[in-house]
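Rule-based calculations on the coordinates, nothing more; no lab input. All values reported here derive from a predicted model rather than from experimental measurement. A quick note on method: Cβ atoms are made from the backbone with ideal geometry, for glycine too, and the neighbour counts reach across all protein chains shown.
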Amino acid sequence: MQKDFQGGEILYFDKPLHWTSFDLVNKVRYKISKFLKQKKIKVGHAGTLDPLATGVLIICTGKATKRIEEFQYQTKEYVATLKLGETTPSFDLETEVDAFYPIEHITEELVEEVLQQFTGSIEQIPPVYSACKINGDRAYEFARKGVEVELKPKLLIIDEIELLSHNMPEITIRVVCSKGTYIRALARDIGKALGSGAHLTGLCRTRIGDIKLKDCMKIEDVDSLLESLRTGSEAEEPEKA
């Protein structure tokens, strides 16, 4: 087994819950730098996942970081669980519930009908709790200070949206979408379209392009990968006379 981390490697990870994407990048960089005994090595990720989301995160090293944009533009698939009848300022569990709405009128048929309204090209206003920039600062920095900001809608594409389960007050959906889609914002908009409210209680990115969750390793697998490289390289060294 050969790996050239400086020349460029592409690694597929299942991002742990509560970790930021940068947490994972930093941990991978630290482990590879220690393995190579080099302080500086380029490591970056191709598409941010929120701390409360898990799933596919592509990490590029060395010269492969030039391919990050290529991966960012690939189609993504998510499985999301929404709780209906409640909203939060962040549209997920990062913040406390701030309002309650009726759900008695919501049937499975209504959910199916509403979901189809979100396929194709749609405009979406990003969450205020997001990394979108406003005059050079991140939107979430304003949100956490209680400062109101206005974010402009962005055009994006939802290729597929499917209802996987309907177990009120929660529903689980599968979404195939373009770069820049905020599933938290989609949850907000679905709640409104249902004449209620909604926020995310679970989110997993199951695919980026052709890379699926089953292709990904856990962060704890990195040590065994590097150890196999170490022992493999040692085994390949010729015996000294």
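Please list, in chain and number order, the residues 5+ apart from His199 or on another chain whose amide H is under 5 Å from its amide H, with Hs placed from the backbone.
Amide H neighbours of His199, under 5 Å, 5+ apart: Lys83, Glu86.
Rounded to two decimals, what is Rg over Rh for the chain when you use alpha-carbon atoms and the Kirkwood radius?
1.06
What is the helix-to-structure angle for 221-236, meaning the angle in degrees between its Cα long axis and the longest Cα principal axis of the chain, kept from 0 to 90 and rounded to the nearest 10?
The angle comes out at about 20 degrees.
Using amide H atoms built 1.01 Å from N in the peptide plane, name the residues 5+ places from Met217, or on other chains, whose amide H lies under 5 Å from its own.
Placed amide hydrogens put Tyr12, Phe13, Asp14 under 5 Å from Met217.
Among the trypsin sites (Lys or Arg not before Pro) within region 1-96, which fall in a DSSP loop and have no more than 12 other Cβ atoms within 10 Å of their own Cβ? Numbers along the way, then the final one.
Values: sites: Lys3, Lys27, Arg29, Lys31, Lys34, Lys37, Lys39, Lys40, Lys42, Lys63, Lys66, Arg67, Lys76, Lys83; in loops: Lys3, Lys37, Lys39, Lys40, Lys42.
Sites meeting the loop and neighbour criteria: Lys37, Lys39, Lys40.
I need the GluC sites (Glu not before Pro) found in region 37-97, filtered to DSSP loop residues with at most 13 other beta carbons within 10 Å of theirs.
Values: sites: Glu69, Glu70, Glu77, Glu86, Glu94, Glu96; in loops: Glu94, Glu96.
Hits after loop and neighbour filter: Glu96.
Averaging the inverse of every distinct alpha carbon separation and then flipping it gives the Kirkwood radius. What is it for region 53-134, in angstrom units? Write out the running numbers ahead of the final one.
Values: mean 1/r = 0.0602 Å⁻¹.
Over region 53-134, the inverse of the mean reciprocal pair distance is 16.6 Å.
Express in nm, to one decimal, how much length is gained between Lys66 and Lys154 on full extension, taking 0.36 nm for each residue of separation and deducting their alpha carbon distance. Kindly include the intermediate steps, with their values, before the conclusion.
Working: separation 88, 0.36 × 88 = 31.68 nm, distance 2.55 nm.
Result for the pair: 29.1 nm of gain on full extension.
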